[in-house]
Amino acid sequence: MARPFGAALSGLALAAVVGVIPSTPAQAEPNIDDVKARVDTLYHQAEQASERYNNAKIELQELRHDMASLKADQARQDNRLGAVQKQVKDSIVRQYEGESLSAVGQVVVSNDPKSFLSQLSTMSAFNDMQSQLFSDYSTQLKALDIRREATEKRAAEVAATQKKLAAEKATIDKKFSEAKALLGRLEAQQREALASRSTTVRTPPVAASGNAAAAVQFAMAQVGDAYVYGAAGPDAWDCSGLTMMAWAQAGVALPHSSSAQYNSGPHIAESDLQPGDLVFYYSPISHVGMYIGNGMIVNAENPSAGVKVTSLHSMPYVGAVRPG
């Protein structure tokens with residue numbers, strides 16, 4: 001398995017202040033509120049990139065499956081063409097090979113011309129059928145070629161997207177190194193103040209029922225774990241990786257993508273939320289958490305906060321889905 005999409009990004013967002021706060025000793029130390037705001041902004045930007053990366057992986061997997069189906073279709077068509085070709089060859093051999101008389105001559109010398117004409121008509125109908133088989137095959141082959149070309153083109157586009165996102169990750173890693181140097185210049189009290197902005201609220205969830213109980217129990221057991229872009233356990237998670245694995249404990253398969261999970265079940269009104277429902281944030285959707293009752297959610301939030309319990313409206317709320 002490839003290294004998760006941000007395994008070294010536990011403090012990457014501080015890179016946002018690099019280049020906007022002079023690094024000379026004579027300058028005042030960064031304002032904690034400004035650092036916090038820039039950290040949160042870059043965390044969200046990185047999460048958006050991570051979710052796009054997850055979407056690209058899902059799409060590429062589907063395209064590869066489609067290509068395998070196309071190859072199987074092509075093999076079946078080739079087999080069918082071979083059978084048709086053999087039928088035509090056999091019919092030609094049976095009718096003409098070793099026979100010096102033409103079809104007209106056979107009619108002339110036949111003791112029963114009417115019977116031969118009937119046979120000839122049957123052969124003509126058979127040939128028409130073979131011709132139709134070739135026509136059908138040709139049409140289907142062209143359709144397969146068109147589909148293959150479209151699929152290969154899309155696969156190339158997705159691969160290009162993955163390459164672009166990998167380049168983004170390299171850029172973020174570089175800035176993270178610069179941010180570590182900046183963080184090292186903060187006084188101990190400032191670092192403690194920054195860390196205190198991401199305290200974890202441990203709130204017991206409302207009792208969940210049915211399959212949701214297993215999902216909620218699993219998600220809550222991960223509170224305190226690390227957030228890593230692209231991760232899906234066992235000790236680190238991104239937002240959709242946590243909800244995917246939580247609902248897997250209930251036997252429900254979800255894609256590793258917040259936007260894809262939003263389309264994985266019926267949409268639920270906020271007034272009808274129940275523990276286990278998935279709740280989504282931002283437009284376009286780029287974050288997902290799990291409702292646990294009493295206006296609270298559990299979610300893999302960001303590299304600073306990790307997996308934590310927070311309020312339903314701590315982020316820009318979009319909607320909810322009930323899996324299963």
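The values are calculated or read from the model by the stated rules, or taken from the named source; none is laboratory data. Just so you know, these numbers come straight off a predicted model, no measurement behind them. All Cβ positions, glycine included, derive from the backbone under ideal geometry; neighbour counts span all protein chains shown. Remember, those area values only see protein heavy atoms, side chains included, never the ligands or the DNA or RNA. Shrake-Rupley method; radii C 1.70, N 1.55, O 1.52, S 1.80 Å.
Remark: pairs (first residue in segment 209-238, touching a residue at least 60 places away in the same chain (Cβ under 8 Å) and in a loop (DSSP other than H, G, I, E, B); second residue aromatic (F, W, Y) and surrounded by fewer than 23 Cβ atoms within 10 Å (Cβ to Cβ); Cβ separation under 6 Å; 6+ apart in sequence or on different chains) are absent. Considered as a group, the residues in segment 285-324 that are among the hydroxyl-bearing types (S, T, Y) and assigned to a strand (DSSP E or B) include one that is nearest to L242 (Cα to Cα), and that residue is Y291. Checked against (1) at pLDDT below 80; (2) exposed (fewer than 15 other Cβ atoms within 10 Å of the Cβ); (3) among the charged types (D, E, K, R), R147 meets all criteria but (2).
Taking the criterion of being in contact with a Gly (Cβ under 8 Å, 6 or more places away or on another chain) and open to solvent by 40 Å² or more (accessible area, probe 1.4 Å), the residues of segment 226-250 that qualify are A226, M245. Would you mind stating whether E301 is acidic (D, E), within 30 Å of Q162 (Cα to Cα) and touching a residue at least 12 places away in the same chain (Cβ under 8 Å)? Answer is yes for this residue. For L273, state whether it is touching a helix residue (DSSP H, G or I) at 6+ places or on another chain (Cβ under 7 Å) and open to solvent by less than 30 Å² (accessible area, probe 1.4 Å). When the stated conditions are applied, L273 does not pass them. Looking across segment 251-270, the residues that are within 17 Å of A214 (Cα to Cα) and either open to solvent by 50 Å² or more (accessible area, probe 1.4 Å) or in contact with a strand residue (DSSP E or B) (Cβ under 7 Å, 6 or more places away or on another chain) (or both) come down to G251, A253. Looking across segment 239-259, the residues that are touching a residue at least 40 places away in the same chain (Cβ under 8 Å) and not in a helix (DSSP H, G or I) come down to A250, G251, V252, L254, P255, H256, S257.
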